[in-house]
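Here's the structure we're looking at; comments come further down.
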Amino acid sequence: MAAAQHRQVWWPGRMPAAFGPSFLCLVCLIYFIQGFRSFVWTAVSYQMKDLMMLSPSTSQFLVSLAYFPWSIKPIYGILSDCIPIKQRKRIPYLIISSCLSLLPWLILGLSQTLRSSANMLTALLVVQNLGSAMADVVIDAMVAEAVRSAGPEFAGDLQSLSWSSMAVGGIFGSLLGGYALSNLPIHAIYVVFSALPFLQLVSSMFVEDSPKGFHSANDEHKYVDNQSSVTSFSEKGSSEALRYEGTRRRKGTRKNNKRRSLSKQTEPDEKHNGSINSLPSLSLRSAFFSLCTAFKQPNILRPMAWFFFSNVTIPNISTVMFYYQTEDLNLEASFLGTARVIGWFSLMLGTYTYNRYFKQKKLRNILVFAHVGLAVITLLDIVLVSRLHIQYGIADKYMVLWGSALGDAINQFKMMPFLILSGQLCPPGIEGTLFALFMSINNLGSTVGSFLGSALASALNLTTGQFDNLALGLGVQMICTLLPIGFLSLIPKEVTGLTS
């Protein structure tokens, strides 16, 4: 007990000593920016609505397209991981991602021509999200390596710091976003926000770029052994190919021994260096086949299929609701920012409630509760659009606030099991890449759901100033929210919220 209290007291001081102040600052900054993005994306929403005069369905489609880079995160992870240990550099990827995050906001802030074109705006937003997603993958890898290097006593510390930084960024971004829209032109908001990616770019240059956790030859051999264990998850055909390639290399080595008898003493070093240099192709091949083989396992494929289906089947019409709230209800940007702040706090409250009361429950029951709760939130939106709450003296603002708070809190009862289940389903050796794949599947499902929402809005003719069919659209969304409950047989019956 005393040791735990001592560790808690000295936790702020132990972290900089273990990881370095510059690295901790970089981690906090990147995750803070991820949360603070609400500051600038609020401006994007108003630009599409007020300046570009886009319809709700068109805005929904363009935003969904702009977020697509988050659905291909494993590509960034494989490209950065499949590099020889001695040559592995994370910071160059972080510098590239920082530039990709910085330049679009500067261009949008300084170029009125590009800012007024829907196609160019979408292209720049895709590039910006590409940079943000790449930075997210790289910093996750750096955090994992740093924890492995520092030791198990720091397990969870960096992750807690990361989530806390993102929450703080989300709160400040939501608060300041509405204020900025009331006092600054939209292009100025883009320029102001670009200061954060620039600070990220500068900060990344002061972090030591070394392969944490691989400081000795023994660690390198452990990595090679780990790669060998990873290939055990590969298909039989890939294993045969690797054995054939190894046999061919051994034959070539014997031929070289006959031709170069004087180089016998240096041969072990050359063979060792050759094995290290060949790690990119082996790592890429093993990662690909390991992903395929692991993902085919029923205990992985079935739960992931359910989570993907649960996102795809729900048409997201949040952009239409944004248009309705700002045009029909005349809610100000500052108020909507306050609603998002309450959403961030309720998200943290939902996380605490889940960990405190629900994680021992059966996972199927938790997911039923989550989807029924989300359907009830949609029902509240139907009440708001139908104006049924007016006869009870309830103001529009309270309906929006309660909907935002409850929606974000209940959504955590679905997201938390997904994160825990994803982490425990990953086989050893490919945890990072497979977890990135799981997250990408979740993001892709949400993106497809947004596209379906755009199609639904177009089919119901939900355009600026015409929201007569919005209640019908919300009714369709509510029914679709309940559909995944009928397929919960894909989730193992005995699994709990702890997935243990």
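When you scan the range 462-486, how many residues do you find that are part of a loop (DSSP other than H, G, I, E, B), open to solvent by 40 Å² or more (accessible area, probe 1.4 Å) and either closer than 20 Å to Val383 by Cα or in contact with a strand residue (DSSP E or B) (Cβ under 7 Å, 6 or more places away or on another chain) (or both)? Explain how you work it out, then say what you get.
Step one: of the range 462-486, the residues part of a loop (DSSP other than H, G, I, E, B) are 462, 464-465, 467-469.
Of the ones still in play, those that are also open to solvent by 40 Å² or more (accessible area, probe 1.4 Å) are 464-465, 468-469.
When the remaining residues are screened for being either closer than 20 Å to Val383 by Cα or in contact with a strand residue (DSSP E or B) (Cβ under 7 Å, 6 or more places away or on another chain) (or both), the result is 465, 468-469.
Counting residues in the range 462-486 that are part of a loop (DSSP other than H, G, I, E, B), open to solvent by 40 Å² or more (accessible area, probe 1.4 Å) and either closer than 20 Å to Val383 by Cα or in contact with a strand residue (DSSP E or B) (Cβ under 7 Å, 6 or more places away or on another chain) (or both) gives 3.
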- Task: Would you check if Glu145 is under 20 Å from the mean Cα position of the chain (by Cα), more than 16 Å from Ala43 (Cα to Cα) and at pLDDT below 90?
- Result: yes
- Message: As an exercise: evaluate Gln360 against (1) closer than 29 Å to Thr464 by Cα; (2) in a loop (DSSP other than H, G, I, E, B); (3) polar (S, T, N, Q) and give the number of the one condition it does not meet.
- Response: (1)
- Item | Close pairs from the range 96-107: first in contact (Cβ under 8 Å) with a residue 24 or more places away in the chain and open to solvent by less than 50 Å² (accessible area, probe 1.4 Å), partner not in a helix (DSSP H, G or I) and not charged (D, E, K, R), Cβ under 6 Å, at least 6 apart | Leu102/Ser194; Trp105/Ser194
- Task: Quick one: Thr338 ticks every box in (1) out of contact with any helix residue (DSSP H, G or I) (no Cβ under 6 Å at 6 or more places or on another chain); (2) open to solvent by 70 Å² or more (accessible area, probe 1.4 Å) except a single one, so which number is it?
- Result: (2)
- Hey, among Val137, Val127, which residue is open to solvent by 50 Å² or more (accessible area, probe 1.4 Å) and either part of a helix (DSSP H, G or I) or modelled with pLDDT under 80 (or both)? Val127
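Name every residue in the range 5-35 that is β-branched (Val, Ile, Thr), within 18 Å of Ser165 (Cβ to Cβ) and at pLDDT below 90, in order of residue number. Let's see the steps before the verdict.
So the first thing to find is which residues in the range 5-35 are β-branched (Val, Ile, Thr), and the list is 9, 27, 30, 33.
Of the ones still in play, those that are also within 18 Å of Ser165 (Cβ to Cβ) are 27, 30, 33.
Passing the criteria: only Val27.
Step by step: first the residues of the range 436-450, then only those that are aliphatic (A, V, I, L, M) and in contact with a Gly (Cβ under 9 Å, 6 or more places away or on another chain), then the one that is most open to solvent (accessible area, probe 1.4 Å). Which residue is that? Before the answer, list the steps.
Our first condition is that a residue be aliphatic (A, V, I, L, M); within the range 436-450, this holds for 436-437, 439, 441, 444, 448.
Filter once more, keeping what is in contact with a Gly (Cβ under 9 Å, 6 or more places away or on another chain): 436-437.
Values: Ala436: 15, Leu437: 44 Å².
Only one residue tops the list, namely Leu437.
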- Query: When you go through Ser38, Ser59, Ser71 one by one, which is the residue that is at pLDDT below 90, open to solvent by less than 20 Å² (accessible area, probe 1.4 Å) and not aromatic (Phe, Trp, Tyr)?
  - Reply: Ser71
- Message: Any residue in the range 461-479 that is over 18 Å from Phe322 (Cβ atoms) sitting within a Cβ distance under 9 Å of a residue that is surrounded by 17 or more Cβ atoms within 10 Å (Cβ to Cβ) and charged (D, E, K, R)? List the pairs, counting only those 6 or more apart or interchain.
- Response: Met478/Asp381
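The values are calculated or read from the model by the stated rules, or taken from the named source; none is laboratory data. Keep in mind that what you see is a predicted model, and the values were worked out from it rather than measured. Ideal geometry is used to build each Cβ from the backbone, glycine not excepted, and the neighbour counts take in all protein chains shown. Accessible surface areas use protein heavy atoms only, side chains included; no ligands, DNA or RNA. Shrake-Rupley method; radii C 1.70, N 1.55, O 1.52, S 1.80 Å.
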